[in-house]
Amino acid sequence: MAGPADAEARQPGLPRGGPGLRVVRRRIVRGAPSWSALVGAVLCYCLSFTPSLIPRPWWLQAAAAAITAAFGYAIGAFLGAVARRCGARPGPRWRRAGWLLLAVLGTAAVLGVTARSVRWQGDLRRAVGMAPQVVWWQWALVLPLAVLLCAVLVLLARLVRLGTRALARPLRRWVHPAVAAGVAVAVAAVVVVGLVQGFLLRGLLDAAEGAASLTDRSTSPGIVRPELPTLSGSPASAESWDGLGAKGRDFIGRAPTAAEIAAVSGRPAKDPVRVYVGLGSADTLRERAGLAVAELERTGGFSRRVLVVASTTGSGWVNEQIAKPPEFMYDGDSAVVAMQYSYLPSWISFLTEAEAADAGTALIDAVHERWARLPADARPRLLVAGESLGSYATERAYPAGVAELARQVDGALLVGPTPDNPIRRQVTDDREPGSPVWRPVYQGGGTVRFAQVAADFAVPAGPWTEPRIGYLQNGSDPVTWWEPELLWQRPAWLERPRAADVSAAMRWYPLVTFWQVTCDLAAANDVPAGHGHRFGTFPTTAWAEIAPPAGWGPADTRRLAGYLAEHG
């Protein structure tokens, strides 16, 4: 005879009481997945292993496979439910044949693709100059880890579905069942989004910011407070050494000296000016930008031959490979100014791009306003630069686009741009027919050029007039190519011809490619220079093309790049 718990288990909705809790557990874990759900999971699992932009470590591939398989599971379950609603109900013989076919072919596909992916990863590693070996025992862990993670995701989804049904049941007493279901789904969506954004994401951001603020108080080994008055944080500076923050102290503490520059060039040199204003120096961006201008005036930055305004990444980092080349090229008769706007690293600050844009605009506008008041024949050469989120911040300071940027500066170097860079997007969208998206040609290459290797600066063959705007953009950089549109749209960078380091075997699949490139972001810096989000000493070559001093030649560029590669 059926007991109370069994009777209760047959009732729709969320049960109550002790027996009900057992029913809840059974409903979460008991329901066998449908045939269509498993087909979707297997298909998406296999597609997740296909080549993407850069090689992935085994644990990252497991995460990509799990997430993609979970989405495939959901899509398959949905399509199966729709098919059943439409009356598609195969007989027992066809169902048994389908399950047998899935068991045989699905297992073979999963094992075969997992094994084949070792070769794919080896090909990707060769394409970016890495050793092709993949540790087999690590890759063997991909399948069990992916299955475990996918099961957790499906379990969470079932909990949400169970809660939605429980909410819909009492609503049916007052409204039509379809309305009740709609209201329950809407409430569940709000709760899930609120939980993710308001609790998990906000909590993670708060924790990251707290950890980053503690890190900002640290000082890297070998970094000491400078004595030179040309540097912020020195005894002569109005900016305290402690107030510069960790990245600011790194930037100031690694400034080259006149003796170091002279030893490389063989010519007399000056101590270069480096100005940095930390996040804690003032409450507002405008105030911090004003402090930066005051430091430039104190150090004599506006009287140097070249002045570089460097927009920082999220944590306030300035790449030495961008800052140092102009200092050496101009024999130390230079000034580089930067300002911190956040403690958080770029991958988190990317979520709040407005802060980066406001910071870049505040600093560039303040410096330009003071620079423009100088006599035209007494101004330093004004250059702007930024890497990654810093390139985005730089571009946002020129809302009128590339024409305004070219009108207000004497040169610009933008390294590893993000997909949201407005000027890069303008130039790429308006590129000449036939030029690829990874190396677009804009208005005959007269002002703007893109490069992954030095020879790219000669494309097209026509003159590159001043002021010159140069982009360093790697074909395999997920930071540049990640966009939500990858979910449903084939990207232009997969058209032929492709960049040299993008696998010919890479294909676009809806949903799958988006998650592949998303996972690639985590490994973007784990590849050799010239690939992914790594640029090495290539900024030296770029600066030599964009703003060379009189008498500078290719031999000087090679000598400086070699020195910075070793001592960077």
Legend entry - Filter result for L79 (assigned to a helix (DSSP H, G or I), open to solvent by 10 Å² or more (accessible area, probe 1.4 Å) and more than 21 Å from V512 (Cβ to Cβ)): no
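Restricting to region 219-261, count the residues that are assigned to a helix (DSSP H, G or I), closer than 12 Å to F328 by Cα and open to solvent by 30 Å² or more (accessible area, probe 1.4 Å).
2
Is there a residue being open to solvent by less than 60 Å² (accessible area, probe 1.4 Å), without any contact (Cβ under 8 Å) to a residue 24 or more places away in the chain, within 25 Å of the chain's Cα centre (by Cα) and farther than 29 Å from V336 by Cβ anywhere in region 454-477?
First, pick out the residues of region 454-477 that are open to solvent by less than 60 Å² (accessible area, probe 1.4 Å): 454, 456-457, 459-460, 462, 464, 467-477.
Retained after the next criterion (residues that are without any contact (Cβ under 8 Å) to a residue 24 or more places away in the chain): 456, 459-460, 462.
Next, from what is left, pick out any that are within 25 Å of the chain's Cα centre (by Cα): 456.
Restricting the remaining residues to those that are farther than 29 Å from V336 by Cβ gives none.
No, that holds for no residue.
Does E320 qualify as being modelled with pLDDT of 95 or more and under 14 Å from E239 (Cα atoms)? It would help to see each step written out before you state the result.
Values: modelled with pLDDT of 95 or more: yes; under 14 Å from E239 (Cα atoms): no.
No.
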Legend entry - Complete set of residues in region 531-568 that are open to solvent by 60 Å² or more (accessible area, probe 1.4 Å) and outside any loop (DSSP other than H, G, I, E, B): E545, P554, R558, R559, A565, E566, H567
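Please verify whether S281 is in contact (Cβ under 8 Å) with a residue 24 or more places away in the chain, among the hydroxyl-bearing types (S, T, Y) and open to solvent by 20 Å² or more (accessible area, probe 1.4 Å), treating the condition exactly as stated.
Working: in contact (Cβ under 8 Å) with a residue 24 or more places away in the chain: yes; among the hydroxyl-bearing types (S, T, Y): yes; open to solvent by 20 Å² or more (accessible area, probe 1.4 Å): yes.
So S281 fits the description; yes.
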Legend entry - Qualifying residue in region 490-506 (condition: open to solvent by 10 Å² or more (accessible area, probe 1.4 Å), modelled with pLDDT of 95 or more, small (G, A, S) and within 20 Å of the chain's Cα centre (by Cα)): yes
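Looking only at region 429-440, count how many residues are touching a residue at least 12 places away in the same chain (Cβ under 8 Å) and either open to solvent by 20 Å² or more (accessible area, probe 1.4 Å) or out of contact with any strand residue (DSSP E or B) (no Cβ under 9 Å at 6 or more places or on another chain) (or both).
6
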Inset, instruction - State whether one or more residues within region 507-530 are modelled with pLDDT of 95 or more, acidic (D, E), open to solvent by less than 60 Å² (accessible area, probe 1.4 Å) and outside any loop (DSSP other than H, G, I, E, B). - result: no
Legend entry - Every residue from region 29-62 that is open to solvent by 30 Å² or more (accessible area, probe 1.4 Å) and in a helix (DSSP H, G or I): V29, W35, L38, V39, V42, L43, L47, W58, W59
Inset, instruction - Name the residue, out of L414, L382, L374, that is at pLDDT 95 or above and in contact with a His (Cβ under 8 Å, 6 or more places away or on another chain). - result: L382
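If the requirement is being among the charged types (D, E, K, R) and not in a loop (DSSP other than H, G, I, E, B), which of these qualifies: R490, R449? Give the derivation first.
Working: R490 fails: not in a loop (DSSP other than H, G, I, E, B).
Being among the charged types (D, E, K, R) and not in a loop (DSSP other than H, G, I, E, B) holds for just one of R490, R449, which is R449.
Scan region 112-136 residue by residue and report those that are of a type in the set (F, W, Y) and farther than 24 Å from N474 by Cα. Steps first, please.
Step one: of region 112-136, the residues of a type in the set (F, W, Y) are 120, 136.
If the condition is that a residue be of a type in the set (F, W, Y) and farther than 24 Å from N474 by Cα, then W136 is the only one that fits.
To keep it simple, each residue is scored yes or no on (1) in a helix (DSSP H, G or I); (2) at pLDDT below 90; (3) open to solvent by 40 Å² or more (accessible area, probe 1.4 Å).
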site	(1), (2), (3)
G98	yes, yes, no
A115	yes, yes, yes
V118	yes, yes, yes
R126	yes, yes, yes
V152	yes, no, yes
P170	yes, yes, yes
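Going by what's in this entry, would R288 be described as at negative phi, in contact (Cβ under 8 Å) with a residue 60 or more places away in the chain and not in a loop (DSSP other than H, G, I, E, B)?
On the way: at negative phi: yes; in contact (Cβ under 8 Å) with a residue 60 or more places away in the chain: yes; not in a loop (DSSP other than H, G, I, E, B): yes.
When the stated conditions are applied, R288 passes them.
The values are calculated or read from the model by the stated rules, or taken from the named source; none is laboratory data. Predicted, not measured: the structure shown is a model, and the values here were computed from it. Note that each Cβ is placed from the backbone with ideal geometry, even for glycine, and that neighbours are counted across all protein chains shown. For accessibility, only protein heavy atoms count, side chains too; no ligands or nucleic acids. Shrake-Rupley method; radii C 1.70, N 1.55, O 1.52, S 1.80 Å.
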